[in-house]
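Student: Have a look at this one before I ask anything.
None of the figures in this text is laboratory data; all of them are computed from the coordinates on show. These numbers come from a predicted model, not from an experiment. Please note: Cβ atoms are built from the backbone with ideal geometry, for glycine as well, and neighbour counts cover all protein chains shown.
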Amino acid sequence: MSAAIRRLRAVFGYDSFRGAQEEIVGHIVEGGDALVLMPTGGGKSLCYQLPSLLRPGCGIVVSPLIALMQDQVDALLQAGVKAAFLNSSQDFTTAAETEQRLLRGELDLLYIAPERLLTERFLSLLDRLHGRAQLALFAIDEAHCVSQWGHDFRPEYIQLSILHQKFPTVPRVALTATADALTRDEIVHRLGLAEARIFVASFDRPNIRYTIVERDNPRKQLLGFLADHRGEAGIVYCLSRKKVDETAAWLQTQGIDARPYHAGLDAEMRREHQQRFVRDDAVVMVATIAFGMGIDKPDVRFVAHLDLPKSLEAYYQETGRAGRDGEPAEAWMTYGLNDVVIHRQRIDESAAPEEQKRIERQKLDAMLAYCEAAGCRRTVLLNYFGETRNACGNCDTCQTPPELWDGTVAAQKFMSALLRTGQRFGAAHLIDILRGKATEKVGQFGHDRLQTFGVGADLDEATWRSVARQLLAGGLLYADAQHYGALRLTDAARPVLKGETTLMLRRQVIAKHKSAKARRIAPADLPPADASLFDTLRQWRGQTAREQGVPAYVILHDRTLHELAARRPRTPDELLDIGGIGEAKVNRYGAALLSLTTASE
């Protein structure tokens, strides 16, 4: 048995590595640099935690969020690892004592915020450690924060190239769950990782079921979705702070323990709401994108979007916060044409350079194309990240495949109405004209006298909205943010308008929601006696976590409790055979666990 496997089993309680973990660990232990791209829940943390234990000295982990540091350090301490963190939440005395522990060689891992690492004081401390050969490695977590094209950009991350300049012999590993080719190149360039090995795991999260619905009555649609997730933790993302506050307040009136989270709330309220979400089983966080990065909670059962994310990277990262424990989870979204207009307007009105605007428009186009895809959503999503996959069978378009219809004539009618109105109006006004609705606005502009007035009365409003979205997704139209979202034709529209090509569109199908809940590991999967033990173990875990002031999953994961209930270990050695239980946890909790697993014998 290799030293890595022995330490993996003794500390973390696992008998084998997953995917490329073993190769990554071996490469870093031997002193190599690495860029690790691995999906959320894929085991990235182990890729630097284990090498830090196998190499001389302390591993320095750069992490952007205080909450993430606290949770990871708590989990490592439970496993018997000497870990600590340095960030702005600590007073001077506590921080100074942590620095002294580091200098005395009493730490295996130290988590630190990037701005703290870059101070002259801490860089001087690293110099001293380096002189004694006591720096095991540098791990740069959430490395996509280095990308100026991303919504998680942190300017301090760009300065982390100083680590390579000052300590070229210390191995570095940059890790992220989200990076398209552009972001990967930027990470390599900005962090000086040209010589690093790049490890790219599959971005597939097969346990997540993807569903996208056309926005109709969003609150009613959200409530219908949440009906299958009562008593479970989840996240609802909204585009604006106002919508976050209103949605959270409304969900509370529906009997759901919902908490708002956005940058406009004071720091203490954000901290309190995040703590409740992380430590309780059934809190729903309603949030802007200010919430989520670094959330380590494994049992988030759903992520819902009430608005369109601005890119597939953002969507992938946000939905990836569901199902980190590998159990079935759901990613659900409702969106409409207005989302595209709002995002386009934000891009066009921003002060960003034109090159950045061009890239952001391309990302938005890819997001829209994903929403309007007629085929498997997972196939489209993974293809964006450079992977080829067959249909998954676990998304709405696989389970209820949309019908295709010849939409050429409908598209011609829509584009004709657009041209006859001077390309100055949005979809809602054009649809009124096509359906022959004599509204005040239609009459004001004399559009009820156009040849196209009423020519689309055979199609309902929802179908016309679908046609408009698909024309946008197909690049035949674009929303001109400079003119209040007015739709305009692109060059790609000409062949369709002239009848030189046929345009197949997807027909809107209202699919009955199929919850992933029934497939989840739960007491119902166990015989009655074992299910009772599972509940008893959860109660013990909850009480233990409350006594220690840590999240319940830091003590033991649900999967570990499930295995304990099914196998009923009777000795400490049998406990060590349970996944997720290492030597430190046997020493700490073994007696209590064995008293529960043997009580009914």
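Student: With a 10 Å Cβ neighbour count serving as the proxy for reagent exposure, in which order, fewest first, do CYS145, CYS398 appear?
Tutor: In increasing order of surrounding Cβ atoms, one gets CYS398, CYS145.
Student: Hey, another quick one. Over the range 357-425, consider all pairs of different Cα atoms and compute the Kirkwood hydrodynamic radius from their mean reciprocal separation; express it in Å, one decimal. Each step should come with its number before you reach the end.
Tutor: Values: mean 1/r = 0.0687 Å⁻¹.
It is 14.5 Å.
Student: Same structure, new question: Largest first, please: the extent of the C-alpha atoms of the range 521-597 along each principal axis, to the nearest Å.
Tutor: In descending order, the Cα extents are 30, 26, 19 Å.
Student: As an exercise, take the mean of 1/r over every pair of distinct alpha carbons in the range 101-168, invert it, and state the Kirkwood radius in angstroms.
Tutor: Mean inverse Cα-Cα distance, inverted, gives 13.1 Å.
Student: I would also like to ask the following. Helix 461-473 versus the longest principal axis of the chain: what is the Cα-based angle in degrees, 0 to 90, to the nearest 10?
Tutor: Result, in degrees: 70.
Student: Less than 20 Å apart at the alpha-carbon level, and either on another chain or at least 8 residues along: which lysines does that give for LYS437?
Tutor: List returned: LYS413.
Student: Starting from 0.36 nm per residue, how many nanometres of slack lie between HIS189 and ALA531 once their C-alpha separation is accounted for?
Tutor: Full extension of this stretch gives 117.9 nm more.
Student: What does the range 244-307 give for Rg and for Dmax, in Å, if only its C-alpha atoms count?
Tutor: When restricted to Cα atoms, the range 244-307 yields Rg and Dmax of 11.1, 30 Å.
Student: Quick check: the angle from helix 354-371's long axis to the longest principal axis of the chain, C-alpha only, nearest 10 degrees?
Tutor: The helix 354-371 is inclined about 80 degrees to the chain.
Student: Normalise the Debye intensity by I(0) for the chain, one equal point scatterer per Cα, no solvent, then take log10 at q = 0.11 Å⁻¹ and round to two decimals.
Tutor: -1.10
Student: Now for a different question. Per the Kirkwood formula on distinct C-alpha pairs, the Rh of the range 198-330 is how many angstrom?
Tutor: Working: mean 1/r = 0.0663 Å⁻¹.
With all distinct Cα pairs of the range 198-330 included, I get 15.1 Å.
Student: Still on this structure, I have one more. About the Cα centre of the range 3-200, how large is the charge dipole given +1 on each Lys and Arg Cβ and -1 on each Asp and Glu Cβ? Please answer in debye to the nearest 20.
Tutor: On the way: 19 positive and 23 negative charges, 108 e Å.
Using Cβ point charges on Lys, Arg, Asp and Glu, the range 3-200 gives about 520 debye.
Student: Same structure again: Find how much the distance from ARG361 to GLN134 grows on full extension, using 0.36 nm per residue of separation minus their present alpha carbon separation; answer in nm with one decimal. Display every interim value, and only then the final one.
Tutor: Details: separation 227, 0.36 × 227 = 81.72 nm, distance 4.66 nm.
Full extension from ARG361 to GLN134 adds 77.1 nm.
Student: Could you state, as a whole-number percent, how many of the C-alpha pairs of the range 3-200 are farther apart than 19 Å? Don't jump to the answer; show the numbers that get you there.
Tutor: Working: 11105 of 19503 pairs.
Cα-Cα pairs in the range 3-200 separated by more than 19 Å: 57 percent.
Student: Another question about this same structure. Determine which residues of the range 12-55 fall in the zone a paramagnetic label at ARG197 would reach in this model, i.e. backbone nitrogen under 15 Å from the point 7 Å along Cα→Cβ.
Tutor: 18-37, 47-48, 51
Student: Using Cα positions and a limit of under 27 Å, work out the lysines in reach of LYS585, with same-chain residues fewer than 8 apart set aside.
Tutor: LYS44, LYS82, LYS297
Student: For the chain, calculate the relative contact order in percent as a whole number, restricting contacts to Cα pairs under 8 Å that are 6 or more residues apart.
Tutor: RCO, the chain: 14 percent.
Student: Can you sort TRP405, TRP540 from fewest to most other Cβ atoms within 10 Å of each residue's own Cβ?
Tutor: Lowest to highest Cβ neighbour count: TRP405, TRP540.
Student: I've got another one for you. Relative contact order for the range 383-493: what percent, with Cα pairs under 8 Å and sequence separation of 6 or more?
Tutor: Computed over the range 383-493, the figure is 24 percent.
Student: Right, here's the next one. Roughly how tilted is helix 583-597, in degrees to the nearest 10 and between 0 and 90, from the longest Cα axis of the chain?
Tutor: 80
Student: So, one more: What number, rounded to the nearest 500 deg cm²/dmol, is the helix-based mean residue ellipticity at 222 nm of the chain, given -39500 (n - 2.57) per DSSP H run of at least four residues and division by all its residues?
Tutor: The helix contribution divided over the chain gives -13000 deg cm²/dmol.
Student: Next question. Indicate, rounded to the nearest 5 percent, the antiparallel portion of the DSSP beta bridges found entirely in the chain.
Tutor: So the antiparallel bridges in the chain amount to around 10 percent.
Student: For the range 268-359, which chymotrypsin sites (Phe, Trp or Tyr not before Pro) are both in a DSSP coil and crowded by at most 12 other Cβ atoms within 10 Å?
Tutor: On the way: sites: PHE277, PHE291, PHE302, TYR315, TYR316, TRP332, TYR335; in loops: PHE291.
Sites meeting the loop and neighbour criteria: none at all.
Student: Taking the Cβ of LEU107 as the center, what net charge do the other residues with Cβ under 11 Å away carry, scoring Lys and Arg +1 and Asp and Glu -1?
Tutor: Local net charge: 0.
Student: What's the exposure ranking of VAL283, VAL244, going from fewest to most Cβ atoms within 10 Å?
Tutor: Arranged by neighbour count, lowest to highest, VAL283, VAL244 become VAL283, VAL244.
Student: Counting other Cβ atoms within 10 Å of each Cβ, which GluC sites (Glu not before Pro) in the range 57-147 have at most 16 and sit in a DSSP loop?
Tutor: GLU106
Student: May I pose another question? What list of whole percents do you get for P(r) of the range 1-80, with Cα-Cα distances grouped in 5 Å bins up to the one holding the largest distance?
Tutor: Spelled out per bin, shortest first, that is 3, 13, 25, 28, 21, 9, 1, 0.
Student: Please compute the volume of the convex hull spanned by the alpha-carbon atoms of the range 401-506 and report it per residue in Å³. All intermediate terms of the calculation are to be shown ahead of the outcome.
Tutor: Details: hull volume 10.4 nm³, N = 106.
Taking only Cα atoms, the range 401-506 has a hull volume of 98 Å³ per residue.
Student: DSSP loop chymotrypsin sites (Phe, Trp or Tyr not before Pro) in the range 1-52 with at most 11 other Cβ atoms within 10 Å of their Cβ, which ones? It would help to have the intermediate numbers written out before the result.
Tutor: Numbers: sites: PHE12, TYR14, PHE17, TYR48; in loops: TYR14, PHE17.
When the chymotrypsin sites (Phe, Trp or Tyr not before Pro) of the range 1-52 are filtered for loop state and at most 11 Cβ neighbours within 10 Å, nothing remains.
Student: Can you give the net charge of the other residues whose Cβ lies under 10 Å from the Cβ of SER202, counting K and R as +1 and D and E as -1?
Tutor: On the way: positive: ARG205, ARG389; negative: ASP204, GLU387.
It works out to a net charge of 0.
Student: Sticking with this structure for a sec: Leaving out same-chain residues fewer than 8 places away, which lysines sit with a Cα under 22 Å from that of LYS310?
Tutor: Within the straight-line cut-off, LYS310 pairs with LYS242, LYS243, LYS357, LYS363.
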